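Asks: Below: one structure in structure tokens.
The values are calculated or read from the model by the stated rules, or taken from the named source; none is laboratory data. Fair warning: this is a prediction, and the values are worked out from it, not measured in the lab. Please note: Cβ atoms are built from the backbone with ideal geometry, for glycine as well, and neighbour counts cover all protein chains shown.
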Amino acid sequence: MGNTSSLLLREDEIAQIQEKTGFTPNQIERLYSRFTSLDRGNCGTLSREDLLRIPELAINPLGDRIVHAFFQEGTGDSINFLQFMQVLAHFRPIKKNKDLKLNSREQKLKFAFKMYDLDSDGKISRDELLAILQMMVGSNISEEQLTSIAERTIFEADQDGDQMISFAEFCNALERTDVEQKMSIRFLN
Amino acid sequence: MALFGTLLSISGSLLLTPLLLIVLVILFLASIGKSVGVRRLYVKTLLALFEYGRQHIEIANKQKRLSDDSGFNSEDEGDNKRIRSTSETSEESQQRGRPKGHHRNGSIKNGVSLIQREDLILAPDPCHNKSDHNHRDSSAPRTSNIRSHSVGAPTRNAANSAKGASEKGDNSEQEDEIDSLALDKDHRKLSFETLKQEFELSDCLTYIKAGVEAIIEDEVTQCFEAEELRSWNLLTRTNRHYEFISWRLTVIWMLGFIVRYLFLLPLRVTICFVGFLWMAISTSLISLVPSRRVRRVLNQHAMLITFRLYARSFSAVIDVHNPQFMPRSNGICVANHTTPVDIVMLATNSCFSLIGQRHNGFLGLLQRALARASSHIWFERSEVKDREVVTKRLQQHVSDPENPPILIFPEGTCINNTSVMQFKKGSFEVGSVIYPVAIKYDPKFGDAFWNSSKYSMMQYLYMMMTSWAIVCDVWYLPPMTQEPDENAVDFASRVKSVIATQGGLVDLMWDGQLKRMQAKKEWKERQQEEFSKRLKVE
């Protein structure tokens, strides 16, 4: 088994990640030590259980969807550090005059869209929206009421009349939302 | 060959005598409870050494950055902060022994934070959800509830206030009014209640961001690992990078290695062994004494000597503050838990009864030895689940004024000494006086935290005895009693916040058992309930 996790990243690995994600070397090192501390089995990759072991994530109503976003690109049941960083890169703040790697407004919106789009077909259907609502409120609101909320939301956002929200319609609906602030995490160093 | 043998025996006996003398002196000092001050001098020298080392690392880092500056021209917060962060430690080393100021409770203070959390931070009880980094306490949701509106998320206001009216239907006018009041982004907007709002696609963004922030840095998982040091303390185990910095530091490190492993370690092991022997012999002898009163007095003195010996075997330097509040009569003494060695730190000054789960192995031996001479409460694991039995035995112990105060660690597990986690309410239901004690270790000299999932007891002791020293501050706090209208949970919280404030630790609401168990489903359900309260349904 050649997949040993070393405590250090090599210089070229750091440079590669910096190139792809835009994080500074210091941030990359800090995030790597976080990655290794989450990696209980010391196998160099994270599984879904590793992430859900974080209590604050486990009690988040959308916790499962967030974890799913890390495991999306057909990577199966484990992600390596680069894949981990590529997801986190979506949350880097947008800085003017800087190359936007993965954290443009559109990329952030795409990430949010993927939260809703359960079957990844590029459209949010009423059932998908209903499922998300059920995740958020649990059993506190009846299904009929949630269905009507879902229908209303789709009605307001749908522009081409197909009863589903496409990515363009989604972006349109969130035009007035400060996506840059809501989907950016403030890194200190 | 024979010559070599005689040389060896001569040198052995030459070295042995002074070593034996040292051990005897230490034993004598332990028995009378006085100190010559060698350990404090040692600690002072170490501090000077660390300061020198830190400056050196800083210089070396600067040179390194200058040499390969071309690769890193980032304008954002960037690598320059790293150098600045190490320069903060000079103030730190001056403040050794004092709590690092009043931490904003709930902020992550373990080492240097990577992110700043501004929006939602979830907690097991949603009324403790922090919605804004300036507004930490739970009064915000309650004040809004008084006005019979449900709790609103600040993010909605921020978005709406900035962007003006939205097409939300009938409530738009009223919302506009409120939104125009809440124009700026700081925490005042929280005190404006919001009406139940209709669901929007952007509602989930707050939770998504909170989730990803938790993945990057969360309050809980870092409590179960050793604290990160700001500057290297010349122990290999704390050097994350294993990189070569300079020749001088390497030489110092090697000298330190030799001193610690070849001189200090054998000395400490000897003293520990003597301490253990003393404990075994004295407790057996004391258990033979028929009169309970005499036994108690003898036990007190014997225990003091035992724990002083143990303290010296770690080179412990204990700074006691407010000794006037030290529990003398019986009662319950409550402290934050970092390691089993906490008991040693506290018991060098006063005699306690202990309570805990019955262990096997080395700890079990100690427990049995202690139980012979005095009344301690050791539980079988199966019995621990039966809380009534625990409470009854506690009450029995506390009601007898002859018994020494009982020492309890309500967290139930070892935490890494940067935070205090939820106190279990069991010991606060007994109804006796509580004597809070705060213990804070200085991690520069040796990390006292016992990571029981990573190290066994023996490994931990070995690491303790090969560290520089164990330096801690012990604050005795004024005794507290339960208010008439206060339930046990609130009382426990109150005591916990007093301890956290004194020790400069972060006060967390989370349960320490999360070290081993998963988060409870009910906590997620409560968050769902919280969100559903804010959702307008037709």
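Asks: For region A:147-164, which residues satisfy the criterion of being within 21 Å of A:Arg65 (Cα to Cα) and at the interface with another protein chain (Cβ under 8 Å from one of its Cβ atoms)? It would help to see each step written out before you state the result.
Replies: Of all residues in region A:147-164, those within 21 Å of A:Arg65 (Cα to Cα) come to A:147, A:149-150, A:153-154, A:164.
Answer for region A:147-164, where residues must be within 21 Å of A:Arg65 (Cα to Cα) and at the interface with another protein chain (Cβ under 8 Å from one of its Cβ atoms): A:Ile149, A:Thr153.
Asks: Right, next: So, B:Val36, is that one at pLDDT 80 or above and either surrounded by 15 or more Cβ atoms within 10 Å (Cβ to Cβ) or assigned to a loop (DSSP other than H, G, I, E, B) (or both) or not? Walk me through how you get there before you give the answer.
Replies: Values: at pLDDT 80 or above: no; either surrounded by 15 or more Cβ atoms within 10 Å (Cβ to Cβ) or assigned to a loop (DSSP other than H, G, I, E, B) (or both): yes.
Against the criterion (at pLDDT 80 or above and either surrounded by 15 or more Cβ atoms within 10 Å (Cβ to Cβ) or assigned to a loop (DSSP other than H, G, I, E, B) (or both)), B:Val36 does not qualify.
Asks: Looking at region A:65-82, which of the residues that are buried (at least 17 other Cβ atoms within 10 Å of the Cβ) and part of a helix (DSSP H, G or I) is nearest to the other protein chains (Cβ to nearest Cβ)?
Replies: A:Ile66
Asks: Another question, then. Filtering region A:166-184 down to residues that are over 13 Å from A:Gln107 (Cβ atoms) and facing another protein chain (nearest Cβ under 8 Å), which residue is surrounded by the most Cβ atoms within 10 Å (Cβ to Cβ)?
Replies: This residue is A:Thr177.
Asks: Let me ask something additional. Which of the residues that make up region B:503-524 are under 25 Å from B:Val344 (Cβ atoms), in contact with a Pro (Cβ under 7 Å, 6 or more places away or on another chain) and surrounded by 21 or more Cβ atoms within 10 Å (Cβ to Cβ)?
Replies: Residue satisfying the conditions is B:Gly503 alone.
Asks: With the structure loaded, tell me whether A:Lys101 is more than 8 Å from every other protein chain (Cβ to nearest Cβ), at negative phi, touching a helix residue (DSSP H, G or I) at 6+ places or on another chain (Cβ under 8 Å) and among the basic types (Lys, Arg) or whether it fails that test. Outline the logic, then answer.
Replies: Values: more than 8 Å from every other protein chain (Cβ to nearest Cβ): yes; at negative phi: yes; touching a helix residue (DSSP H, G or I) at 6+ places or on another chain (Cβ under 8 Å): yes; among the basic types (Lys, Arg): yes.
Yes.
Asks: Taking the residues in region B:249-277 that are surrounded by fewer than 18 Cβ atoms within 10 Å (Cβ to Cβ) and of a type in the set (Phe, Trp, Tyr) as candidates, determine which candidate is farthest from B:Ser313 (Cα to Cα).
Replies: If we take residues in region B:249-277 being surrounded by fewer than 18 Cβ atoms within 10 Å (Cβ to Cβ) and of a type in the set (Phe, Trp, Tyr), then B:Trp253 is farthest from B:Ser313 (Cα to Cα).
Asks: If a residue has to be more than 9 Å from chain B (Cβ to nearest Cβ) and either of a type in the set (A, V, I, L, M) or buried (at least 16 other Cβ atoms within 10 Å of the Cβ) (or both) to count, how many in region A:124-133 make the cut? Steps first, answer last, please.
Replies: As a first pass, look at region A:124-133 and keep what is more than 9 Å from chain B (Cβ to nearest Cβ): A:125-128, A:130-131.
Imposing the further condition that a residue be either of a type in the set (A, V, I, L, M) or buried (at least 16 other Cβ atoms within 10 Å of the Cβ) (or both) reduces the set to A:125-126, A:128, A:130-131.
Here the count works out to 5.
Asks: Then there's this: Somewhere in region A:107-124, is a residue of a type in the set (Val, Ile, Thr) and assigned by TED's automatic domain parsing to the domain that holds A:Ala168? Break it down into steps so the answer makes sense when it comes.
Replies: Of region A:107-124, the ones of a type in the set (Val, Ile, Thr) are A:124.
Those left that are additionally assigned by TED's automatic domain parsing to the domain that holds A:Ala168: A:124.
Within region A:107-124, one or more residues are of a type in the set (Val, Ile, Thr) and assigned by TED's automatic domain parsing to the domain that holds A:Ala168.
Asks: Sort out for me the helices (runs of 4 or more DSSP H) sitting completely within region B:311-417 that have 2 or more residues that are surrounded by 15 or more Cβ atoms within 10 Å (Cβ to Cβ).
Replies: Working: elements: B:341-347, B:361-373, B:381-384, B:387-399.
The qualifying helices (runs of 4 or more DSSP H) are B:341-347, B:361-373, B:387-399.
Asks: Further question on the same structure: Hey, could you check region A:47-64 for residues that are among the charged types (D, E, K, R) and more than 19 Å from A:Leu118 (Cβ to Cβ) and say which is surrounded by the most Cβ atoms within 10 Å (Cβ to Cβ)?
Replies: Just the residues of region A:47-64 that are among the charged types (D, E, K, R), to begin with: A:48-50, A:53, A:56, A:64.
Retained after the next criterion (residues that are more than 19 Å from A:Leu118 (Cβ to Cβ)): A:49-50, A:53, A:56.
On the way: A:Glu49: 12, A:Asp50: 19, A:Arg53: 17, A:Glu56: 25.
Here the residue is A:Glu56.
Asks: Can you name the number of the only condition in (1) free of Cβ contacts under 8 Å to residues at least 40 places away in the same chain; (2) on the phi > 0 side of the Ramachandran plot; (3) among the hydroxyl-bearing types (Ser, Thr, Tyr) that A:Ser120 fails?
Replies: Of the numbered conditions (1) free of Cβ contacts under 8 Å to residues at least 40 places away in the same chain; (2) on the phi > 0 side of the Ramachandran plot; (3) among the hydroxyl-bearing types (Ser, Thr, Tyr), the odd one out for A:Ser120 is (1).
Asks: Note down all Cβ pairs under 8 Å where the first residue falls in region A:34-62 and is at the interface with chain B (Cβ under 7 Å from one of its Cβ atoms), the second is of a type in the set (D, E, K, R) and not in a helix (DSSP H, G or I), and they're at least six residues apart or on different chains.
Replies: That search, which allows pairs on different chains as well, returns A:Arg34/B:Glu217; A:Ser37/B:Glu225; A:Ile54/B:Asp218; A:Pro55/B:Asp218; A:Glu56/B:Asp218; A:Glu56/B:Glu219; A:Leu57/B:Asp218.
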